[in-house]
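Structure record follows, encoded as structure tokens.
Readers should treat all values here as calculations from the given coordinates under stated rules, not as data from a laboratory. Since the structure is predicted, the reported quantities are computational estimates derived from the model, not experimental observations. Cβ coordinates were reconstructed from backbone atoms using ideal geometry, including for glycine residues, and neighbour counts include every protein chain displayed.
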């Protein structure tokens, strides 16, 4: 089990940093992903690549995180300073050493935080992680046409925020 975690930790952390704004949240999501992996190992089919299966778990973990943050934001009476969504000054957990890239990532994450969870996940995977729309559709059980339409609407919504 330790070998699986060691082998895949960097890839999973790189994928999940796009979903979070603080190192603590990143650690929590990575840990949650590996816990879900352990619980789901009996259901893993050997004919499918393990790395893809684990990335799917990580993506669903990030998507669930977006949903929890969205619900949390709706129920907060007053935004708190330490809330990652309302704290644009927090440093992103970006593997890039360039401060300008880190600042741009913070800006993108702040804008994406205003989108619904599924739209945020779709745009994150497509534009920031480079996943194809067909791959995202398969990931979430959507049709390709519905995924294209969701992406178009999400980009339109993002443009209106700008």
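Could you line up 63, 14 from fewest to most neighbouring Cβ atoms inside 10 Å?
Fewest to most other Cβ atoms nearby, the residues stand as 14, 63.
Test of understanding: ordering 129, 107 by Cβ neighbours within 10 Å, fewest first, what list do you get?
Working: 129 15, 107 12.
Lowest to highest Cβ neighbour count: 107, 129.
May I ask you to sort 120, 7 by Cβ crowding, counting other Cβ atoms within 10 Å and putting the fewest first?
7, 120
According to a simple spin-label model (label point 7 Å from Cα along Cα-to-Cβ), what is the distance in nm between residue 22 and residue 98?
Going from the residue 98 label point to the residue 22 one covers 2.8 nm.
Modelled label-to-label distance, residue 4 and residue 143, 7 Å Cα→beta-carbon offset: nm?
Going by the 7 Å Cα→Cβ label model, 3.6 nm.
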